[in-house]
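The values are calculated or read from the model by the stated rules, or taken from the named source; none is laboratory data. Note that the structure is a prediction, hence the values are computed from the model and not measured. Glycine also receives a Cβ, built like all others from the backbone with ideal geometry; neighbour counts cover every protein chain displayed. Just the protein is used for accessible areas: all its heavy atoms, side chains included, with ligands, DNA and RNA removed. Shrake-Rupley method; radii C 1.70, N 1.55, O 1.52, S 1.80 Å.
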Amino acid sequence: MLDVRNVSRLFGTKAAVDRISFSVERTGFVGVIGRSGAGKSTFLRMMNRLTDASAGEIRFEGRDILALRGAEMRAWQSQCAMIFQQFNLVPRMDVVSNVLHGRLAHRATLPSIFGFWPDDDVLKALAILDRLGIAEQAAKRAEALSGGQQQRVAIARALMQDPKVILADEPIASLDPMNAQVVMDTLRRIHDEDNRLVIANLHTLDTARRYCDRVIGMRDGRIVFDGTPDQLTTGVARDIYGADASFSETATSTSIEALGTRGDDAYARELLA
Ligand SMILES: Nc1ncnc2c1ncn2[C@@H]1O[C@H](COP(=O)(O)OP(=O)(O)O)[C@@H](O)[C@H]1O
Ligand SMILES: [Mg+2]
């Protein structure tokens, strides 16, 4: 269903993504892990055509995704919904309107701006909110909700597009453990019940192990691991995260969180240098 062939993205002379290849036969829940700067976000952004690839080919159900232009590209972007770490909702707008914005690609923009949504769309939005357990929040402003609820609103907005693929870029990185679990359970359910392909960049090894059918490990723009969660041994993790990473045989979420943070610090220093 998805075929990624030798895809690269250069920024200047540096390859953020360096000739990556993998394919997904049937729908699945795929986790992408790796430290900060490994190229995870750049890859998702190329899939969604938010960033152009420098080379390579991405085929989805036979279509050449990187060659799409104009209306065809926008149609793909609506079949390939993005979930971001920071939710990207309109904070002062009510929840149901935020969800309805997922339909913008399908509707004339002008009536939507004035809040004239077809009844069918409103009912669909409410049904999705109900399914995700947040229907009672529908009339509240998005900013009044907890982080976990806001991320579920973002997922509801994505579902409004009826996407074939859901790309989630660190969907739980800003959430506490309890909300993180609710959001991951929600994404997993959407995969299991709707058969949508989910590709999620995840910052903890534990989450990848727990939720994914398949894990892709990236390092310096390359794929250094591609396998099942139980093949993700400590040795493999060291390969993915770098030799300077220290963690015990029984890797706990705490040790991996610490690792993630260290990666970010190094990344920040690099940016400030
Ligand atoms: N717009 C950009 N301009 C220049 N360099 C970028 C840009 N976006 C990402 N990069 C670089 O590409 C590399 C991969 O970044 P990214 O895909 O964000 O990694 P990750 O999501 O794994 O943290 C990093 O070295 C980053 O500095
Ligand atoms: Mg990223």
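Structure summary
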{"read-out": "Residues of region 25-53 that turn out to be in a loop (DSSP other than H, G, I, E, B), of a type outside the set (A, V, I, L, M) and surrounded by 15 or more Cβ atoms within 10 Å (Cβ to Cβ), as a count", "value": "10"}
{"read-out": "Candidate set from region 189-205 (those that are open to solvent by 50 Å² or more (accessible area, probe 1.4 Å) and charged (D, E, K, R)); member that is nearest to the chain's Cα centre (by Cα)", "value": "R189"}
{"read-out": "Residue identified as modelled with pLDDT under 95, under 30 Å from L205 (Cα atoms) and either touching a Ser or Thr at 6+ places or on another chain (Cβ under 8 Å) or of a type outside the set (F, W, Y) (or both) among S112, S174", "value": "S174"}
{"read-out": "Per-region count, region 23-59, residues under 17 Å from the mean Cα position of the chain (by Cα) and not β-branched (V, I, T)", "value": "19"}
{"read-out": "Qualifying strands (runs of 3 or more DSSP E) (wholly inside region 186-243; at least 3 residues being among the aliphatic types (A, V, I, L, M))", "value": "197-201, 214-219"}
{"read-out": "Pairs where the first residue, in region 31-56, is among the charged types (D, E, K, R) and more than 12 Å from ligand 2 (Cβ to nearest atom) and the second is open to solvent by 10 Å² or more (accessible area, probe 1.4 Å) and in a helix (DSSP H, G or I), C-beta under 8 Å, 6+ apart", "value": "R49/L66; R49/M73; R49/Q77; D52/L66"}
{"read-out": "Breaking point among (1) near ligand 2 (Cβ under 10 Å from one of its atoms); (2) open to solvent by 20 Å² or more (accessible area, probe 1.4 Å), for K14", "value": "(1)"}
{"read-out": "Condition met for A173 (within 16 Å of ligand 2 (Cβ to nearest atom), over 14 Å from L132 (Cα atoms) and surrounded by fewer than 20 Cβ atoms within 10 Å (Cβ to Cβ))", "value": "yes"}
